[in-house]
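> Pasting a structure below so you can have a look.
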C-alpha cells in the first residue's frame, strides 16, 4: 500500500489553471466515488479551495500514481501534458508531511492562515460521507487535526491577523481613506466573505451589502454585522452603490460580467470601484479589469500585500516544522505497524484454532466421564505443546544452521534472558 498526495496549488499554477481543475462542492461526492472505482485506489479524499486542488489517496502500487494523474486529467477534460508542468506528487512520508503543513497553514498563500484547517476538515467529512475513507486516511486526518491544533496552540503561527480576507480589506483601506463614507458589496457568505465582512466592520466601513444565492444565509450574517442582504439576482440593482466589491463564491461561472459593471460605472458617474475577486473559478470576468475606473485584483495579486506582518509567523513556522518532523515520524511508525498487522492477525487466528480444538477434545472427554483434574492437566499440556511446536521446530533448524540473527530475534521476541 502507498499513500499519495497529488495536486496543484498557488505556488505551482496560476489562477487560470487552478480554476479549471477546481471541484464544485456539490460534485465532490460523485468525484470521490469515481476516483475510487479502480480496485487499486482503496481510499481517497479531495481538498479543493481557491488556492489548491489536491487528491489524497491510498493505492496498492507505486505506479498507481499514473492512474491518479490520468483520472485527474480525464475528469477535468484536460490533456495530461497541459497540467503536468503544474502538478506535484508526494508519496508516503512526503504525503503525510505535506498534509500536516497544509492543515497548519504552512503551505498557504498567507502563512499561518486558519481557514485552511476548516477546509481540510470539510474535505474529510465529505470523503467520510461518500464512503471513500478507510483506516489509513481516517487515521491520517485525525492525526492532522491534532497536530494542527497543537501548532496553533504552542506557536505564534496565528498571532498576526493576516489572511486573504484581511489582505483584501487592507488593500481597500489603502485606496479609500474615509471608510465610513463608503459602501462595500460582498458576494458570497462563506468563511472568507464572513472574515472580510468582519474586518470591514472593524475598520469602520460605512455600509455593507451581502449578496448570496441563499438569501437566508446572507441575512443571518447581515443581521450579525449590521449589513443588508440581497440575492445574487439583485446585484445589478445595487452594484452602482458599491465602492468596494469583494467576491468569493463557489460558482462555476462568473457572477459579474463586463456589461453589468459598465452600466454601474455610468450610474456612478465614473467614481472608481475596487473589486477583489478571491474565488476560484473567478467570480468576475477578467475583462472587467480593462474598464477605466475599475481596479480589479485576484488572489494572485494579493501576494505583495500579505507580506506585511508575516515576520512573527515565519519565526513560528520554524517551530511548527520541528513539531511536524516528529509527528510525521510517529504517523509513519503507525503505518509500518499496519503493514505487519496481518502477521499478528494470522498468528492469533492460528492460536485460537488450536485452543478451540483442544477445548472441544477436553469437553468430549469430560462428557465421557474423564477425571476433571487429570483432564485439566492434559489440556494444559496439550495446548502448550501445540502452541510451542512450530516455533520449537524453527529454532532447532536455526541452531543447526547457525542462524544467530534469527536466534537473537527469537530471544527478543519471546522476552527470554540468558538465565531464563
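Just so it is clear, none of the values below were taken in a lab; they were calculated from the coordinates. Keep in mind it's a predicted model, so treat the numbers as computed, not measured. Glycine also receives a Cβ, built like all others from the backbone with ideal geometry; neighbour counts cover every protein chain displayed.
> Can you bin region 164-307 into rounded, prolate or oblate? Criterion: square roots of the alpha carbon gyration tensor eigenvalues sorted a ≥ b ≥ c, rounded for a/c under 1.5, prolate for a/b above b/c, oblate for the rest.
rounded
> Next question, about the same structure. For residue 203 and residue 128, what does the FRET efficiency come to when R0 = 56 Å and r is the distance between their Cβ atoms, rounded to the nearest 0.05? Walk me through the numbers on the way to the answer.
On the way: r = 38 Å, r/R0 = 0.69.
Computed FRET efficiency for residue 203 and residue 128 comes out at 0.90.
> Once the mean 1/r over all distinct Cα pairs of the chain is inverted, what Kirkwood radius in angstroms do you read off?
The Cα-based Kirkwood calculation yields 25.6 Å.
> For residue 406 and residue 63 in one chain, what is 0.36 nm times their gap in residues minus the Cα-Cα distance, to one decimal in nm? Don't skip to the answer; put the middle values down first.
On the way: separation 343, 0.36 × 343 = 123.48 nm, distance 3.37 nm.
Here the segment from residue 406 to residue 63 would lengthen by 120.1 nm.
> Something else now. Based on other C-beta atoms within 10 Å, arrange 104, 247, 122 from fewest to most.
On the way: 104 30, 247 26, 122 16.
Sorted ascending by nearby Cβ count, the order is 122, 247, 104.
> Roughly speaking, what is the stretch gain from residue 345 to residue 154, that is 0.36 nm per residue apart minus the C-alpha to C-alpha distance, in nm to one decimal?
64.9 nm
> Now for a separate question. Nearest-5 percent of antiparallel DSSP beta bridges in the chain? Don't jump to the answer; show the numbers that get you there.
Numbers: 19 of 42 bridges.
That works out to approximately 45 percent antiparallel.
> Another question, if that's okay. Length gain on complete extension for the stretch residue 175 to residue 300, per 0.36 nm per residue less the alpha carbon to alpha carbon distance?
Full extension of this stretch gives 43.2 nm more.
> OK, next. Given axes a ≥ b ≥ c from the Cα gyration tensor, I'd like to know whether region 31-166 is rounded (a/c under 1.5), prolate (a/b larger than b/c) or oblate.
Since a/c reaches 1.5 and a/b is larger than b/c, the shape of region 31-166 is classed as prolate.
> OK, next. Nearest 10 degrees, 0 to 90: what angle lies between the long axis of helix 93-103 and the longest principal axis of the chain (Cα atoms)?
Taking the Cα atoms of the chain, the angle to 93-103 is about 40 degrees.
> In what sequence do 334, 71 fall when counting other Cβ within 10 Å, fewest first?
Result, fewest neighbours first: 334, 71.
> From zero up to wherever the largest Cα-Cα distance of region 1-108 sits, split into 5 Å bins and tell me the percent of pairs in each.
All Cα pairs considered, the percentages come to 2, 12, 25, 26, 22, 11, 1.
> Note down the nm distance, to one decimal, between modelled labels 7 Å out along Cα→Cβ at residue 363 and at residue 270.
In this crude spin-label approximation the distance works out to 9.7 nm.
> With just the Cα atoms defining each centre, how far is region 290-363 from region 85-108? Give it in Å.
10
> Kindly express, to the nearest 10 degrees and within the range 0 to 90, the angle between helix 341-367's C-alpha long axis and the longest C-alpha principal axis of the chain.
Long axis of 341-367 versus the principal axis of the chain: about 40 degrees.
> Turning to a different aspect of this structure: Which angle from 0 to 90°, rounded to the nearest 10, does the C-alpha axis of helix 115-130 make with the longest principal axis of the chain?
Tilt of helix 115-130: around 60 degrees.
> If r is the Cβ-Cβ distance from residue 234 to residue 308 and R0 is 41 Å, what FRET efficiency results, to the nearest 0.05?
0.70
> So what are the three principal axis dimensions of region 350-408 from its Cα atoms, in whole Å, longest to shortest?
48, 20, 14
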